[in-house]
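Asker: Quick one: structure below, then a few questions.
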Amino acid sequence: MNREANAYAHKKQIEFLQNTSAKVSTVMGQRASGKSGGLAYRFYQRAAEMPGGRFFLGAGTIDQLLNNVLPNLFQILDAEFGINLEEGEDYVVGIKPPQWFGRPIQKPKNYKNIISWSNGSWTELISPRKLQPFRGASTDGGDIDEALLWVWKLISGVLLPTFRGNKQKFGGCELHQTLGLYSSLPRKAEAMWLLSMEKKAIADPKYFAYFFFSWKDNVDVIGEDYGERMGNTMDPVEKAIEIDGVLDITTGEEYYYKFDYKRHTYIVSKGMINGTSEREYNRFAAIDLSFDFASHFNCMFVIQTNGLEIRIIDSLYVKFKDKLNVLVANFCAKYSEHQNKQVNLYGEPFGTNQREDNDPLFTQVQEQFTKNGWNAVVWVEKYDIADRHKQRYIDMNEVLEESEGKAWLPYIRINADTCEDAIIAIQKTKVTLDHKKDKSDEKKYNEIAQEHAPHFTDALDNYRKQKFGTWSFGTDGAGAAGTM
């Protein structure tokens, strides 16, 4: 299946294809920028350079891979790289390969959704919704097209752990056990994790690489007037993303409309923030926890402050049958090495109310911490009154704006990896016409992933007020967070 390539590639594609050592490479591309060309060659290159190896190719759905992605990749290999591959001779899809094909190091159990290559390599087609059978696999590398349809937690928790084995055979190949992510610019909250990949590449360039392809990089193919031609037919949001390259578009419906993913999140590499010499958190200092309670979903933010900085280092939650005792036990286990076993409890004001069937929720939380060897102090005042809806809305966005004229306000920084679900919740939460937080998703627990409903946002609002006080006037109690 090896072919002499007679390739055309623009400068950014060449830079990407020459970088074979980074374990995770991200290509973010505007429309017609050539990201599919980079994917096509890398997809072929893996199988060609590691005969008998096992790889994967992912997209949103298997049907999308079979009907759109694969035909496009093979067409690009032929048209742009001069690599003409014949089905039945160089590869087969979804069937047992001919006997004369090379033997793989490890055979697939069945050949559904498998590309078998003539040199014995095979590439499995995968999607985020049908990834359960893939857990525990051992692979030699792979690529994900339209990575914006995935979440980083799934990629880092399922795909990257499959990179194991075969080092004695492929250790000399730089591409061995590497991952390529290729994506259009993100539009939905669930895909904003892609914006953190550039920070990861700066912080740890040996492990991560990041490339941004603009349509302007590909003008030799699409023409210099492409932007004008396409921009005239697009709606304003689409034009801003695909032609102007604007990231993190807001529509005006967001409750936290001043939230900026790049500004308000950070990544941690080797314990340091954004590649600096600053450690993420102090293991000798107390930890603040802000809770939100519900019958079917309980969550907490793990926070340390440094002056005016609210640094949210983690987010934890439990669902349905798992209750507060499990949530507290999970925290204590995860932070068992923390040297200062002191936590300060903030959050849901109703957690101080006496319950008919049991003690107040914060009393129960305190008891669970005591059982686990921690000391917990509740900083939520009994019958704490929430800000007016509109004032809380204004206050939180003033904090997120970080105006130079209001430098006395606290500011928020959130770990992009450990708080991925909570960040999605912040970005997805909408505002109603009367400036209330739209909490309808909290009632749709059979339809909406509750970690992406507004629960975490209430924990954030309450912590801001309880820790730093209020600078608004006339807070006559429009309702406690979590009760709207």
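Asker: Which condition number does Thr123 fail, the rest of (1) out of contact with any strand residue (DSSP E or B) (no Cβ under 8 Å at 6 or more places or on another chain); (2) among the polar types (S, T, N, Q); (3) surrounded by 15 or more Cβ atoms within 10 Å (Cβ to Cβ) being met?
Answerer: (1)
Asker: Can you confirm whether Gly227 is outside any loop (DSSP other than H, G, I, E, B) and not basic (Lys, Arg)?
Answerer: Values: outside any loop (DSSP other than H, G, I, E, B): yes; not basic (Lys, Arg): yes.
So Gly227 passes the test.
Asker: Among Val365, Val328, which is more than 22 Å from Ile414 (Cα to Cα), touching a residue at least 12 places away in the same chain (Cβ under 8 Å), out of contact with any Pro (no Cβ under 8 Å at 6 or more places or on another chain) and buried (at least 20 other Cβ atoms within 10 Å of the Cβ)?
Answerer: Numbers: Val328 fails: more than 22 Å from Ile414 (Cα to Cα).
Going through Val365, Val328 in turn, just one is more than 22 Å from Ile414 (Cα to Cα), touching a residue at least 12 places away in the same chain (Cβ under 8 Å), out of contact with any Pro (no Cβ under 8 Å at 6 or more places or on another chain) and buried (at least 20 other Cβ atoms within 10 Å of the Cβ): Val365.
Asker: While we're on this one: Answer with yes or no whether Leu316 is in the same structural domain as Asn415 (by TED's automatic domain parsing) and either in a strand (DSSP E or B) or touching a residue at least 60 places away in the same chain (Cβ under 8 Å) (or both).
Answerer: On the way: in the same structural domain as Asn415 (by TED's automatic domain parsing): yes; either in a strand (DSSP E or B) or touching a residue at least 60 places away in the same chain (Cβ under 8 Å) (or both): yes.
Yes: the conditions hold for Leu316.
Matching residues to (1) within 14 Å of Ile312 (Cα to Cα); (2) not hydroxyl-bearing (Ser, Thr, Tyr):
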{"position": "Ile414", "(1), (2)": "yes, yes"}
{"position": "Val431", "(1), (2)": "no, yes"}
{"position": "Ser440", "(1), (2)": "no, no"}
{"position": "Tyr445", "(1), (2)": "no, no"}
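Asker: Collect the residues in region 39-82 that are part of a loop (DSSP other than H, G, I, E, B), within 26 Å of the chain's Cα centre (by Cα) and either of a type outside the set (Gly, Ala, Ser) or surrounded by fewer than 20 Cβ atoms within 10 Å (Cβ to Cβ) (or both), keeping them in residue-number order.
Answerer: Just the residues of region 39-82 that are part of a loop (DSSP other than H, G, I, E, B), to begin with: 50-53, 59-61, 82.
Keeping just the survivors that are within 26 Å of the chain's Cα centre (by Cα) gives 59-61.
Of everything in region 39-82, those that are part of a loop (DSSP other than H, G, I, E, B), within 26 Å of the chain's Cα centre (by Cα) and either of a type outside the set (Gly, Ala, Ser) or surrounded by fewer than 20 Cβ atoms within 10 Å (Cβ to Cβ) (or both) turn out to be Gly60, Thr61.
Asker: Another question, if that's okay. Those residues that are in a loop (DSSP other than H, G, I, E, B) and more than 15 Å from Ala286 (Cβ to Cβ), I need them from region 365-379; list them, please.
Answerer: Within region 365-379, the subset in a loop (DSSP other than H, G, I, E, B) is 372-374, 379.
Result: Asn372, single match.
Asker: Just a yes or no: is a residue in region 468-484 closer than 24 Å to Phe297 by Cα, β-branched (Val, Ile, Thr) and at pLDDT below 90? Full working, then the answer.
Answerer: Residues of region 468-484 that are closer than 24 Å to Phe297 by Cα, as a first pass: 478-484.
Then drop every residue that is not β-branched (Val, Ile, Thr), which leaves 483.
In the following step, the residues that additionally are at pLDDT below 90 were identified as 483.
Yes, there is a match, as at least one residue in region 468-484 is closer than 24 Å to Phe297 by Cα, β-branched (Val, Ile, Thr) and at pLDDT below 90.
Asker: Report every pair of residues separated by at least 6 positions or lying on different chains whose Cβ atoms are under 6 Å apart, first residue within region 156-173 and under 14 Å from Phe55 (Cβ atoms), second among the aliphatic types (A, V, I, L, M).
Answerer: The qualifying pairs are Thr162/Ala137; Phe170/Met50; Cys173/Met50.
Asker: Also: Taking the options Lys109, Lys130, name whichever one is surrounded by fewer than 19 Cβ atoms within 10 Å (Cβ to Cβ) and either free of Cβ contacts under 8 Å to residues at least 40 places away in the same chain or touching a Leu at 6+ places or on another chain (Cβ under 6 Å) (or both). Explain how you work it out, then say what you get.
Answerer: Values: Lys130 fails: either free of Cβ contacts under 8 Å to residues at least 40 places away in the same chain or touching a Leu at 6+ places or on another chain (Cβ under 6 Å) (or both).
Just one listed residue meets the conditions, Lys109.
The values are calculated or read from the model by the stated rules, or taken from the named source; none is laboratory data. Quantities reported herein were computed from a predicted structural model and do not represent experimental measurements. Counting neighbours? That spans all protein chains shown, and the Cβs are built from the backbone with ideal geometry, glycine included.
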